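Taking it in order: structure first as structure tokens, then the write-up.
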Amino acid sequence: MSRAFARSCLGLIVVATVAGCKSDRRSGDGGATVAAADSSSRADSSTAGTPATVVVTAADYRFSAPSTVPAGLVSIDLVNHGKEMHQAQIVKLEDGKTIADLEKALSSQGPPPSWIKFVGGANGVAPGGEAHAASVLTPGNYAFLCFIPSPDGKMHAAKGMVQPFTVAGGASAGASEAPHGDVTMKLTDYNFTLSKPLTPGKHTILVENAGPQPHEVVLLKLAPGKKAEDFGKWAETMKGPPPAQPLGGVTFLDKGAQGSFTADLTAGDYGLICFVPDAKDGKPHFVHGMIKTIKVG
């Protein structure tokens, strides 16, 4: 990551997390994070051979999610109850670091520390929609956050959309498994490569970051006559009706990391796009060509 990327994204994590933690202490605050007692905030234990399932409910601008998640292969079920598009990016703070350590690191000059890791998560989904993704989580300190901006240009994380959580020791049943899929998508600088064409029906897509810097994939269902590039242009201002519907995907993955997501596809035109800021110039990767229109069926 570049310094600009660290300041624009990771700086917001610190500000939003500190503000969010303070708001949690205020009873009756409509903007506070929903308590873990909410039924949508449980990390359901896995049964024989299946990963644990974590339900993450997104609203404007908060998450309802469990405070503790079992280690291993975890399925993230993102449900969007908000009026804006949301995602559930997972960030890990390695070496026992905490949000307080992150704040100190960002107050100093130089590149961001190596203990900040992007490990995937469920990518953008439209209001009322759901997205499903899987990642392998090892014990430690984490946070869910949303990098998506509002029409006013302010990132959701800066509005309080950050939820710290802990991944605890004992791995769940099926936790030793890696993410898998019936189709593999490789992310590189700056391209999406599918192992085979996507067809109508349900798919689990394994996403591998084979590039030298973080990448993501957002899956788009394009409106008739529209291309993925139209969504990239619309995202700059978010004015007017969107030319595509986001269907999820996998959020930022570090070099060499894997994740997976599920999609139920119908025949038509779809888009793939990456919004990660480039390490060299800070421009989103789709500006460098990491954007593609594909046909299903």
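The values are calculated or read from the model by the stated rules, or taken from the named source; none is laboratory data. All of these numbers come straight from a predicted model, not from anything done at the bench. Reconstructed Cβ throughout: ideal geometry from the backbone, glycine too, with neighbour counts over all protein chains shown. Please note that ligands, DNA and RNA were not included when accessible areas were found on the heavy atoms of the full protein model with its side chains. Shrake-Rupley method; radii C 1.70, N 1.55, O 1.52, S 1.80 Å.
Give me the strands (runs of 3 or more DSSP E) completely within segment 229-297, filtered to those with at least 3 residues that are modelled with pLDDT of 95 or more, within 18 Å of the chain's Cα centre (by Cα) and surrounded by 15 or more Cβ atoms within 10 Å (Cβ to Cβ), ordered by residue number. Even if it seems obvious, please write down each step before you answer.
On the way: elements: 244-253, 258-265, 268-273, 291-296.
Counting at least 3 such residues, we get 244-253, 258-265, 268-273.
State whether one or more residues within segment 209-220 are open to solvent by 40 Å² or more (accessible area, probe 1.4 Å) and either closer than 19 Å to GLU84 by Cα or in a strand (DSSP E or B) (or both). I'd like the intermediate steps shown before the answer.
Here is the first cut: in segment 209-220, the residues open to solvent by 40 Å² or more (accessible area, probe 1.4 Å) are 210, 212.
When the remaining residues are screened for being either closer than 19 Å to GLU84 by Cα or in a strand (DSSP E or B) (or both), the result is none.
Checking segment 209-220: not a single residue is open to solvent by 40 Å² or more (accessible area, probe 1.4 Å) and either closer than 19 Å to GLU84 by Cα or in a strand (DSSP E or B) (or both).
Can you tell which of THR188, THR193 is farther than 17 Å from ASN80 by Cα, at pLDDT 90 or above and in contact with a Gly (Cβ under 6 Å, 6 or more places away or on another chain)?
On the way: THR193 fails: in contact with a Gly (Cβ under 6 Å, 6 or more places away or on another chain).
Result of the check over THR188, THR193: THR188.
If we scan segment 213-221, do we find a residue that is among the charged types (D, E, K, R) and closer than 17 Å to GLY129 by Cβ?
Initial filter on segment 213-221 (among the charged types (D, E, K, R)): 216, 221.
After this cut, where a residue has to be closer than 17 Å to GLY129 by Cβ as well, the list is 221.
There is at least one residue in segment 213-221 that is among the charged types (D, E, K, R) and closer than 17 Å to GLY129 by Cβ.
Looking at segment 213-241, which of its residues are in contact (Cβ under 8 Å) with a residue 60 or more places away in the chain and within 20 Å of PHE192 (Cβ to Cβ)? Break it down stepwise before answering.
Restricting attention to segment 213-241, the residues satisfying the condition of being in contact (Cβ under 8 Å) with a residue 60 or more places away in the chain are 213-219, 222, 227-229, 237-239.
GLN213, PRO214, HIS215, GLU216, VAL217, VAL218, LEU219, LEU222, LYS227, ALA228, GLU229 - these are the residues of segment 213-241 that are in contact (Cβ under 8 Å) with a residue 60 or more places away in the chain and within 20 Å of PHE192 (Cβ to Cβ).
Please work out which one of (1) under 25 Å from THR57 (Cβ atoms); (2) part of a loop (DSSP other than H, G, I, E, B) is the condition LYS226 fails and give its number.
Status for LYS226: all satisfied but (1).
Please go through segment 65-91 and give me each residue that is open to solvent by less than 40 Å² (accessible area, probe 1.4 Å), touching a residue at least 60 places away in the same chain (Cβ under 8 Å) and not in a loop (DSSP other than H, G, I, E, B), ordered by number.
VAL69, PRO70, GLY72, LEU73, VAL74, LEU78, HIS86, GLN87, ALA88, GLN89, ILE90, VAL91
Take the residues in segment 184-208 that are β-branched (Val, Ile, Thr) and closer than 20 Å to GLY124 by Cβ, then tell me which one is most open to solvent (accessible area, probe 1.4 Å). Outline the logic, then answer.
Initial filter on segment 184-208 (β-branched (Val, Ile, Thr)): 184, 188, 193, 199, 204-205, 207.
So of that shortlist, the ones also closer than 20 Å to GLY124 by Cβ come out as 204-205, 207.
Working: THR204: 41, ILE205: 1, VAL207: 0 Å².
Checking each candidate, the answer is THR204.
Return yes when GLU94 is over 19 Å from GLY181 (Cβ atoms), under 19 Å from the mean Cα position of the chain (by Cα) and at pLDDT below 95 and no when it is not.
Yes; evaluated as a whole, the condition is true for this residue.
Go through segment 163-183 and give me each residue that's aliphatic (A, V, I, L, M), at pLDDT below 85 and either surrounded by 15 or more Cβ atoms within 10 Å (Cβ to Cβ) or not in a loop (DSSP other than H, G, I, E, B) (or both). Explain how you work it out, then say what you get.
To start, the set of residues in segment 163-183 that are aliphatic (A, V, I, L, M) comprises 167-168, 171, 173, 175, 178, 183.
If we keep only those that are at pLDDT below 85 too, we end up with 171, 173, 175, 178.
Listed by number, the residues that qualify are ALA171, ALA173, ALA175.
Does segment 118-146 hold any residues that are outside any loop (DSSP other than H, G, I, E, B) and among the small types (Gly, Ala, Ser), and which are they? I'd like the intermediate steps shown before the answer.
Residues of segment 118-146 outside any loop (DSSP other than H, G, I, E, B): 118-125, 130-137, 140-145.
Within segment 118-146, GLY120, GLY121, ALA122, GLY124, ALA131, ALA133, ALA134, SER135, GLY140, ALA143 qualify.
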